[in-house]
1. When you go through C:ASP107, C:ASP119, C:ASP99, C:ASP164 one by one, which is the residue that is surrounded by fewer than 21 Cβ atoms within 10 Å (Cβ to Cβ), within 14 Å of chain D (Cβ to nearest Cβ) and over 17 Å from the mean Cα position of the chain (by Cα)?
2. Which condition does B:GLY192 not pass, out of (1) part of a helix (DSSP H, G or I); (2) under 24 Å from A:ALA238 (Cβ atoms); (3) of a type outside the set (S, T, N, Q), if it passes all the others?
3. In region D:299-347, which residues are at pLDDT below 95 and of a type in the set (Asp, Glu)?
4. Keeping to region C:254-283, report how many residues are without any contact (Cβ under 8 Å) to a residue 24 or more places away in the chain, under 25 Å from D:LEU240 (Cα atoms) and not aromatic (Phe, Trp, Tyr).
5. Quick check: anything in region A:331-346 of a type in the set (D, E, K, R) and farther than 27 Å from A:GLY210 by Cα?
6. Say whether the condition of being surrounded by fewer than 24 Cβ atoms within 10 Å (Cβ to Cβ), within 14 Å of chain A (Cβ to nearest Cβ) and assigned to a helix (DSSP H, G or I) is met by at least one residue in region B:204-227.
7. For region C:20-46, enumerate the residues that are under 19 Å from C:PRO244 (Cβ atoms) and out of contact with any helix residue (DSSP H, G or I) (no Cβ under 8 Å at 6 or more places or on another chain).
8. Only one of these conditions is not met by B:GLU165: (1) over 30 Å from A:ILE290 (Cα atoms); (2) out of contact with any strand residue (DSSP E or B) (no Cβ under 7 Å at 6 or more places or on another chain); (3) part of a helix (DSSP H, G or I). Which number is it?
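The values are calculated or read from the model by the stated rules, or taken from the named source; none is laboratory data. Fair warning: this is a prediction, and the values are worked out from it, not measured in the lab. Every residue, glycine as well, gets a Cβ built from its backbone with ideal geometry; the counts of neighbours run over all protein chains shown.
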There are 4 protein chains.
Amino acid sequence: MSSEFGKILKVSVFGQSHGTAIGVVMDGLPAGEEIDQSELQRFLDRRRPGKNSLSTARNEGDVPEFLSGLENGKTCGAPLCAVIRNSDQHSKDYDGLADKPRPGHADYTAWVKWKGHADMRGGGHFSGRLTAPLCIAGGIAKQILSRRGVYVGAHLRSAGNIWDEPFSEHLTAELFEEIATKPFPVLNDQYGEFMQGVIEKAKRDLDSVGGIVECAAIGLPAGLGDPMFAGVENRLAAALFGIPAVKGVEFGDGFGAARTRGSKNNDRFAMEGGKIVATTNHAGGILGGITTGMPIILRAAFKPTPSIGKPQKTVSLSAMENTELQIHGRHDPCIAHRAVPVVEAVTATVLLDLLLEGNHGTF
Amino acid sequence: MSSEFGKILKVSVFGQSHGTAIGVVMDGLPAGEEIDQSELQRFLDRRRPGKNSLSTARNEGDVPEFLSGLENGKTCGAPLCAVIRNSDQHSKDYDGLADKPRPGHADYTAWVKWKGHADMRGGGHFSGRLTAPLCIAGGIAKQILSRRGVYVGAHLRSAGNIWDEPFSEHLTAELFEEIATKPFPVLNDQYGEFMQGVIEKAKRDLDSVGGIVECAAIGLPAGLGDPMFAGVENRLAAALFGIPAVKGVEFGDGFGAARTRGSKNNDRFAMEGGKIVATTNHAGGILGGITTGMPIILRAAFKPTPSIGKPQKTVSLSAMENTELQIHGRHDPCIAHRAVPVVEAVTATVLLDLLLEGNHGTF
Amino acid sequence: MSSEFGKILKVSVFGQSHGTAIGVVMDGLPAGEEIDQSELQRFLDRRRPGKNSLSTARNEGDVPEFLSGLENGKTCGAPLCAVIRNSDQHSKDYDGLADKPRPGHADYTAWVKWKGHADMRGGGHFSGRLTAPLCIAGGIAKQILSRRGVYVGAHLRSAGNIWDEPFSEHLTAELFEEIATKPFPVLNDQYGEFMQGVIEKAKRDLDSVGGIVECAAIGLPAGLGDPMFAGVENRLAAALFGIPAVKGVEFGDGFGAARTRGSKNNDRFAMEGGKIVATTNHAGGILGGITTGMPIILRAAFKPTPSIGKPQKTVSLSAMENTELQIHGRHDPCIAHRAVPVVEAVTATVLLDLLLEGNHGTF
Amino acid sequence: MSSEFGKILKVSVFGQSHGTAIGVVMDGLPAGEEIDQSELQRFLDRRRPGKNSLSTARNEGDVPEFLSGLENGKTCGAPLCAVIRNSDQHSKDYDGLADKPRPGHADYTAWVKWKGHADMRGGGHFSGRLTAPLCIAGGIAKQILSRRGVYVGAHLRSAGNIWDEPFSEHLTAELFEEIATKPFPVLNDQYGEFMQGVIEKAKRDLDSVGGIVECAAIGLPAGLGDPMFAGVENRLAAALFGIPAVKGVEFGDGFGAARTRGSKNNDRFAMEGGKIVATTNHAGGILGGITTGMPIILRAAFKPTPSIGKPQKTVSLSAMENTELQIHGRHDPCIAHRAVPVVEAVTATVLLDLLLEGNHGTF
């Protein structure tokens, strides 16, 4: 078991980069939910390559076909399966890679694990291409959540050493929508320009650069999640590390909290309009693994794209000797900006699962 | 379900800070493993409070009683249950807290979740006290792992803004043992002095400070873990966020990788003594969720202890109005240094689970 | 992982027959539920040995101690752990058994699985003694269910070839209570007399006899359970086969349905008091894995107690040669009548889990 | 979550009877396993309708398309997805059924669960059609098992009140193959003739009849499975109750064991060729949830097909009043004989999962 997460809502992803199709099964969706397919397509298009000069030229279309789970455009309770055919495979671009594991990729570990039987064309099941079915799941989850007043949004917090502003404490569905429609998903477009410069420079250098995605969710009730190992942080982290290239996940002030003092990090409680609120949100909306009712704030760190044009030292698996590898073909010099909707998608799917589970604290 | 993790080896933690007892059930331990109880006790003593002036005075002893799972000092295949009685409860120190949720604690979320029925004495089930049974599990896992040549060690990487050196790439069981026997668990004792100064200063200010624990594991074979959502990172993160106060988890260069370039972050492969190795370890021993055979490197960020002596604004749950709270009693001005063996414990338990599962890639 | 079941409410059982203690962890109980300990004790006493001449003389008391999960006699949301100390161990009665696996027992399979490290005293973790912690869990579940108008009851449907009447379609909490207070748990005491005769005859012959327990639950809403592999039948069966000696489970007319025709087996729907009901209940309250709102009816088949006084052929594990075994000591000539509350317990625990999960069909 | 089972090998089924496609995802298959597609097709054809006058005329073809998980005809470690398009839908045959729940079907419970949003055409996700993807999974599992010397076979043990001979204790791969190639899957063809007569009589009466499938597996090592709730019986039962119309599952002598005595039911151990064997197999190859090394023997009871031609009383969901329903179209007068490969398929899939997990008793 591997390519699956969720408790009430199970999401199972399948496919290889250059196989017949990629897809997702969502088992446990509530019935009667309309899927607005053009809205879903707009969401999928946000991660699509080929939008600008920063992304790979592969234009996949990525129009999902629904094989099950819908009846007259609405979910019917049965597991929903959606697939995307792989039309544009270019396997030859990857010729010879199978013998020379690409540094930073899963080629070597896949070769060890599956003893030479792994499909290593274009990363196989480890390819960033597998984030397309994750976005189908997340796009559907976002539609269902928004009907309950829960909204999820994200922006690129950094690329290389250039940083966008952080999310403020005043988060709205409108702000999320505004970022979603930008060609480059940042809060402050000036910083976005700088980031694009950094990415383009890396591309010219036949190199790549990493980045951090910041994601927020508003509208969740307090009391979701369970203590210790089934908390909101545990479940979100377990799913977020499933996105290729994620190497770190933090909530609220995260690693920054480790540098500060309790008097600064503790969010004070206060009455506001008859309700208990926290006057700050260093906790990122989660205390003891359970939602406080404040916005969820998280960040996921993406390593630089491992595929770079520069020659790299590696080994030949057949000859078991040192060799060198030069990767040709199209590669994103940065994947973090394309990962913005993917982080939203995974976050939304986990939050829908938590909402479906509800608060079983009492009943 | 909440206080449990694991797939082949399930670890289930129970107890409240001021209840009758705390304990752990380990279901799925291999049979025939001797438990060296004095070695286990030495491990448990590492997280024990009262070791020096930096920790709370509560001296709990923490000698586990084994209720099941052993036969003549060896595991017998049946679930192992070990408990620690709570002898030193001091409930009165916490009088009145139940009505005033402590900022930064789970008091408020527990109150919402369990609608006033939570045991809020001393943090109840959310207390750092619950890390004692985690250390029983981890101490047992460490003994079993070490017989297979797998060693887990950790140090305090930072306290506030003071940083210890990072783990180098030359990690040995001896180094881990050396840190484990130090009164303050750092690599460079000079930095350790500075850290203790920072913690003592926070204590004098009736405040607290956060820190980062860095943990490593050596001796694991390549090929453990599964792609996407059942990778080594996913499982470790899901468990590590179960340690109270953890707000961030990263592997290898983690968030640092987001600031660098692919040419620097990609670990090149090379032949060494007839085997394939990576010449650097920015990946922290994990690519595509699967072990590379290099050391696992991870970091967990701990927020500052929420219990501080300074008066803090909060609300009264009974009166639903603003009020102020001053927490008396003993509190650690920093928990990160006491969390060092806890991070080791959780890491070791997850890695034992992965080893027990083995590599099902082929069979 | 093994000794655990449940989804929202996880129940984990530990202990060996002759170890220090046996016990149970219930993780996921709703908070604020009062546990009436004298009512629980009455329930536990129903499975207690030593009630009459048909049961073993071992008088265990079986008074649970609660280590966690309660606050002022009510559940507090944290995992509940309850243990029973093993005071009356008589290990010598079982001397030598370890080398000669008892036919029909798990001695041999435990020896194979744990390569000689299993605790084989009195059946170890496979002992019927482990049904005591199951009854703690079930007794608590029954109290919580009864507050929601859900009642679970059972009777001995057969012992050897003697059959009690089946449950009629008019099931009430009062009927369940009436059976529960009988010294021998049958509907028709005349048949109960015959059954006891059959059991006593087996005892005089140094032999044993099997039996069938029929269990029912009333008051459940329609719509619980999920299709295919997470249906009510799947979950109940998975848990019921965890009771030692169960070799068959059926729902509604079960194996009898295989002998009949659709025109007879189909339960017709009709309006009754403005509600849809089924006019018969051959389906045992479950269609497509989902509750119909009619009573749940199930049966569990118990094989004859494998411990019999007659000499039996077996092998010596140390000598690897044929030998003979005569089991001394006390053994129940039938366990099915003592299993009646155990089947109730497991059924109630699974149904509480289903109720806690609720109907996520829409939300 | 619902339409999924398995621990190391997860099998997730999707589709509705009259939707676009049905299919299965197998996540956790070992890599490097060749899938012989013509052998798989032969297996799928065994459950295919339209083979003789006893089955529905719908000729579905049922040729699976593999979307992922294969590379050059071998498994590659990534999740395998296979789908079958629904070409022959005949939705009009079912017109009006949606409003009148068919007695014995899941129409009513699906309507309650999904509040009117269920796809009720032809049983939707509850249709026997969903056993086709189960057979894809099982056919693949059987190929992988047979390479390890594990064989699974089944026959129709009864239809109505006519019984085939039981499996003897001498089971071979050749016997299983012989039954598999018969037009009617029984051991004794004479009894098979009688059974077909009973089924044809039911058909003429516009009625249906139930039956029992007996399944066996040979070649498994001793020591697989875990005690209590993760035993071989628990896992097989949990999956087998996922086959539509199964109402009972038993192992070894099952319900028959409840009628006998210990001296008869206990399988004696003996040395045979230097190995420990049981001289009989009343336990069906499982003691304490763990395999003994003897053949696994199980039986699944199928209720009569609920779709019958006779008029039946039911209700109108829209009018909420009593009404009558007459089901037209093609319906199997018995599904038990077509279920023979389905029981094999589910059994094989669970056993492969157990083999992949291996025996973690020691390591």
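1. Answer to the check: C:ASP99.
2. All conditions are met except number (2).
3. D:ASP332
4. Going through region C:254-283 one residue at a time, the tally reaches 10.
5. Here is the first cut: in region A:331-346, the residues of a type in the set (D, E, K, R) are A:332, A:338, A:344.
If we keep only those that are farther than 27 Å from A:GLY210 by Cα too, we end up with none.
No, region A:331-346 has no match at all.
6. yes
7. C:ALA21, the sole residue that qualifies.
8. All conditions pass for B:GLU165, except number (3).
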